[in-house]
Amino acid sequence: MSEPPRRRDASDISETPSPEHLHQQHLVRTLGLVDVVMIGIAGMIGGAIFVLVGPAIGLAGSAVVIAFIINGIITLFTAMGYAELGSAMPEAGGGYLWVREGLPRPNAFISGWMAWFAHIVAGSLYAVGYGSFQFSLLKMVGLMSDEPLLGFIPFDKLIAVISIAVFIYINVRGASETGKIGVIVTVIQLGTILTLVLFGILSMHGNPNWYSNIVNNYAPLGIGGIVAAMGLTFIAFEGYEIIVQTGEEVKNPKKNIPRAIFISLTLVIVLYCLVAFVSIGAFSPPGTLPMGEAAWKFIGNQGDLGIMKAAETFLPYGPLIILSGGIVSSLAALNATTYSSSRVAFAMGRHYNLPHQLSQIHPKFKTPFIATVTSGIIMAIMAYTLPLTDIAIAAGVIFLLLFTQVNVAVISIRRIYGDKLNYGFKTPFFPIFLL
């Protein structure tokens, strides 16, 4: 299904479409800087900040902060490449598009499938996280029990599938609706996280044992635990890939795409570190835990509910607030990844690396509706059948492979097109940071 190899000139990849592109269906620029920043934050924070930080603490203890910082630094190098090409080549498709431009055709086909699959897998992760939080909240208020529907359908998985269906509908309705929903949900999400951090800091201020809490729980499993925590949470920092998928629908992409990438990445790294820090520092001293269990181990043993259990000890109505925050965060990320997966499929359909029908745009809503529905159906199947931690690790590995290809493509595109492209940002110390 791959199209014949052909090298385009610089006019083909500028913001103004060439005659060759006039027959293609194009998306509409309706998203501003705030919309795109919120999409990026939603994709990076997602439910992962509540779902994955607990298991990560169980691997690295308070050194999970180091894991987040290293992940952030590693991510920054690739993010600069994304900012560079996102400003110069603002089309739907993102990393897939650039690999297609800069590397031989087989790489484009492979990267396109990896990008599409990775976004779908990430979306299924957020749907599963939402289902877990929503089900826990409904059990907390006595509206549901652990008994599966009809004896074999888990309620949390059913909720995950329903949530995917809802966001398929929202994304088919239009990018502006997607952006508005994303802004509202992400603002609520940030409010929940800042509430947790604020009460955690206040609790630590009144708790003389907070320092020993941090020190005594530092890297209990050594370097291996830190590396494992990095692998588990690496997916949390891939939101800039979602940002570049807006390239064909964002206003002034030359400036707004690089700005959105760096603003959202900086904020997310800080927030992840703060949530992990206060969850351990403000937690009850190890001596008060069951059978003297250490704080890091207790939080880690709670799995995806670890942060909720930590917040219970220092945040009023902690479980309710964290569950609500997890619900909102997962929905924000699900919205973003539903959007991004459909744009990859749309771009691949344009180039016949997927069935060309996926490039069709809805006559009324001006969205890639077939690509959105197709991506959503696959996402729902994965969400229902796969466990959460396996989903997170699989998506992280796939994104890492995609980012490697993109870094090589950045170098190749600079060599091929030189100064013919109109960049809004160029990677400093090129190509050192991309190697």
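The values are calculated or read from the model by the stated rules, or taken from the named source; none is laboratory data. As the structure is a computational prediction, the values presented were derived from the model and not from experiment. Here the Cβ positions follow ideal geometry from the backbone for every residue, glycine too, while neighbour counts run over all protein chains shown. Heads up: the accessible areas ignore ligands, DNA and RNA and are worked out on the full protein's heavy atoms, side chains in. Shrake-Rupley method; radii C 1.70, N 1.55, O 1.52, S 1.80 Å.
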### Message
Can you compute the charge dipole magnitude of region 143-278 about its Cα centre, using +1 on each Lys and Arg Cβ and -1 on each Asp and Glu Cβ, nothing else charged? Give it in debye, rounded to the nearest 20.
### Response
540
## Note on the structure
Computed over region 153-202, the distribution of all Cα-Cα distances in 10 Å bins, rounded to whole %, is 22, 30, 32, 16, 1
### Task
Starting with the highest mean, order 30-38, 325-333 by the number of other Cβ atoms within 10 Å, averaged over the residues of each peptide.
325-333, 30-38
### Message
Please report Rg (one decimal) and Dmax (integer) in Å for the Cα set of region 252-354.
### Response
19.5, 62
### Query
With each run of n ≥ 4 DSSP H residues scored as -39500 (n - 2.57), what mean residue ellipticity at 222 nm is computed for the chain after dividing by its residue count and rounding to the nearest 500 deg cm²/dmol?
-22500 deg cm²/dmol
#### Entry: Lys180, Lys157, Lys254, ranked by accessible area, largest first (probe 1.4 Å)
Lys180, Lys254, Lys157
### Task
Write down Rg/Rh for region 157-270, rounded to two decimals, with Rg from the C-alpha atoms and Rh from the Kirkwood relation over Cα pairs.
1.07
### Message
Can you tally the lysine pairs in the chain where the Cα-Cα distance is under 19 Å and the two residues are eight or more apart, or on different chains?
### Response
11
### Message
Can you find, among Asn213, Ile322, Ser340, the residue sitting farthest towards the positive end of the charge dipole of the chain, where Lys and Arg contribute +1 and Asp and Glu -1 at Cβ?
### Response
Ser340
### Query
Of Arg343, Arg100, Arg29, which is the most mobile in a GNM of the chain whose springs link Cα atoms less than 10 angstrom apart?
Arg29
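Let me know the volume per residue of the alpha-carbon convex hull for the chain, in Å³.
Hull volume normalised by residue count: 137 Å³.
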### Summary
Under a Gaussian network model of the chain whose springs join Cα atoms within less than 10 Å, the largest fluctuation of Ile299, Ile361, Ile73 belongs to Ile73
### Message
Using a 1.4 Å probe on the protein heavy atoms, what percent of the accessible area of the chain belongs to carbon and sulfur?
### Response
70
### Task
Run the dipole for the chain about the Cα centre, Lys and Arg Cβ at +1, Asp and Glu Cβ at -1, nothing else charged, and hand back the magnitude in debye, nearest 20.
800
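What's the whole-number percent of alpha carbon pairs in region 14-172 lying beyond 21 angstrom? Walk me through the numbers on the way to the answer.
Numbers: 8034 of 12561 pairs.
Tail of the P(r) past 21 Å holds 64 percent of the pairs.
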### Query
Considering only protein heavy atoms, what per residue accessible area in square angstrom results for the chain with a 1.4 angstrom probe?
38
### Task
Please give the solvent-accessible surface of Phe429 in Å², to the nearest 10, using a probe radius of 1.4 Å with every protein chain present.
150
### Kirkwood-type radius of region 117-203, with distances r between different C-alpha atoms, in Å
15.1
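To the nearest 20 debye, what is the magnitude of the charge dipole of region 248-352 about its Cα centre, counting +1 on the Cβ of each Lys and Arg and -1 on the Cβ of each Asp and Glu?
I would put it at about 560 debye.
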